[in-house]
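Each value in this text was obtained by applying a stated rule to the coordinates, not by laboratory testing. Because the structure is predicted, anything quoted here is derived from the model rather than measured. Note: ideal-geometry Cβ built from the backbone for every residue, glycine included; neighbour counts use all protein chains shown.
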Amino acid sequence: MIIHKVNTAKAKLLYESITDIASEKEEYGNPAFGNSEFQMLEKYSHFVQNLIAFEKEIKRIENLESLFNSFTLYLKRIIPVKDVTLMFFDDVDNKLIPFNNKTASNIDKAMNNFNKEGVFKTVFSQNSSITIPDLESYNSSGPKLHYLILPVYEKNNYGILSVLTSLHKKNITTLEKKNISILLNILLGKVEKIKLTEKLNETYDELQTYQAKLSNDFRLSAIGEMTEGIIEDITTPLQVIVSNVDILSEETKPLTELKHIKNQTKKINRIINRLAKFADVNQKNIKLKSCNINNIIKNYFLLVKSTLENSNMECILDFDNNLPPILSNPNYIYQLLTNIFSILKNFKTQKSGVILQTRFKENNIYLRIISTIKFNTVNNIMENDQYGLVIKIIKNIMKKHEGAVEISSFNNGGTAISLKFPLKRKIRK
C-alpha cells in the first residue's frame with residue numbers, strides 16, 4: 001500500500017508538470033467521472049497515453065488523408081465525435097478549404113456558412129474555443145449535437161478545427177479542450193513535416209526537369225550554331241549554280257532541264273531560309289510577343305516534313321484560320337512540338353499518322369497533336385524516366401503560358417496531346 005501511494009503521488013506530480021490540475025478540480029464534479037482523486041488521475045493517465053500513442057503512430061504516416069483519419073480516431077478517445085473537419089482560409093476569397101482538399105462535407109458547408117455570418121470573429125479575436133448548437137439536430141429537448149470550434153494557427157495560414165459532438169458545452173471540460181489542442185498541435189507539426197517533404201521532392205523533380213531542359217536547350221542551341229555553318233557552306237555553291245543557270249538561260253534557248261534545275265535550287269533556298277530562321281530563334285533570348293501559332297506550326301512542319309516522312313509518319317495540318325494571336329515565342333512552340341514528336345517517334349511501331357490541329361474555343365486556343373500511335377497507358381510515359389522528364393518540360397513551358405497539357409488515349413487506338421493557351425493572362429513576364 002505504501003508503494004502504491006508513492007507511485008500515485010509521483011503520477012500526480014508527473015501530470016502536474018503537463019497541465020494545471022487546480023483549474024480542473026471544480027470541473028470534475030460531473031457524474032461521468034466523479035470527484036475522487038483516483039478517477040482524476042486515471043483520466044489524466046488516459047489522456048497522456050493517448051497523446052503519446054498518437055505521436056508514435058503518426059511517425060510512420062506520410063499521407064495527409066491517413067494522418068487525419070488517425071487524428072480523428074485518437075480524438076474520439078477524448079470526447080464523443082460524430083464528425084470533424086480541419087479547414088484553412090483561402091487567401092483569394094476568404095473561403096474555408098479542407099486542409100487535405102477532400103470533397104466538402106456537411107460540416108465543411110456549415111463552417112463556411114458560419115464564416116459568412118461572422119461567427120468566427122470572436123474565436124480569433126479572443127483566441128479561444130466556442131461551442132455552437134447544431135440547428136439541424138434540434139428536437140423538443142433541444143439540440144442533440146454541438147460544434148466545438150477551436151482556432152488553428154499554421155506557419156503561413158490560419159483556420160479552424162470543428163468537432164461535431166453529442167456533448168453539451170457544459171460537459172466539455174477545459175482539460176478535454178487542452179488535450180484536443182495538444183493533439184491538434186502534434187497533427188500540425190506532422191502536417192508541416194509532410195508538406196516540407198513534398199516541397200523537397202517537388203524541388204528535386206524540378207531540378208531534374210531543368211537539367212533535362214538545359215540538355216534539351218543545349219541541343220537546340222548546338223543545332224542552331226551548326227546550322228549557321230552548314231547554311232554558309234550550302235548557300236555559296238548554290239549561288240554559283242543559280243548564276244550559271246541564269247547565264248546558260250540567256251545564251252541558249254530555255255530548256256526544260258534548266259527550268260527544272262532552277263526550280264530545285266529555289267526549293268533548296270526556301271529550305272535553307274526556314275533552317276536559318278530556326279537557328280536564329282534558338283540563339284536569341286526568348287521574349288514573349290504576339291504570335292500567330294498557325295504560321296509557327298506551318299514553318300516547323302515544313303522544316304521537319306522530310307524527317308517525319310523518313311520515319312514513316314504522315315503529318316496533316318488542320319488549322320482554324322480565324323485564330324487570334326497568342327502571347328508566346330516561336331522558340332516555345334518549337335520546343336513543345338520537338339519534345340512531343342520525340343515521344344511519338346519512340347512509341348511508334350509502324351507507319352503512323354499525326355494531325356496538328358488548332359482550334360479557338362472559350363477564350364482559349366487549343367493545339368492538339370492527334371496520332372494513331374497508342375501508348376499502353378498514359379502512365380507509361382510518366383513512369384518512364386526519360387519521357388516523364390520530357391512531359392515535365394512540356395508542362396513547364398505551358399505554365400509560362402498559364403496553360404495546361406492533357407494526354408488521353410482512345411479506346412480504338414491512338415493518342416491525343418492537347419495544349420491549351422489561354423488568351424486572358426494573369427501574369428505578364
Filter result (surrounded by fewer than 18 Cβ atoms within 10 Å (Cβ to Cβ) and either under 16 Å from residue 176 (Cβ atoms) or in contact (Cβ under 8 Å) with a residue 60 or more places away in the chain (or both)) within the stretch 136-157: 154, 157
Checking residue 196 against (1) buried (at least 17 other Cβ atoms within 10 Å of the Cβ); (2) more than 27 Å from residue 109 (Cβ to Cβ); (3) among the hydrophobic types (A, V, I, L, M, F, W, C), the condition it does not meet: (1)
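Have a look at 164, 96, 73 and point out the one that is within 25 Å of residue 53 (Cα to Cα), surrounded by 16 or more Cβ atoms within 10 Å (Cβ to Cβ) and under 35 Å from the mean Cα position of the chain (by Cα).
Values: 96 fails: within 25 Å of residue 53 (Cα to Cα); 73 fails: surrounded by 16 or more Cβ atoms within 10 Å (Cβ to Cβ).
From the options 164, 96, 73, the qualifying one is 164.
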Selected residue (only one of 323, 356, 336 is closer than 24 Å to residue 425 by Cβ and either without any contact (Cβ under 8 Å) to a residue 12 or more places away in the chain or touching a Ser or Thr at 6+ places or on another chain (Cβ under 7 Å) (or both)): 323
Of residues in the stretch 116-132 being outside any loop (DSSP other than H, G, I, E, B) and out of contact with any helix residue (DSSP H, G or I) (no Cβ under 8 Å at 6 or more places or on another chain), the one nearest to residue 94 (Cα to Cα): 116
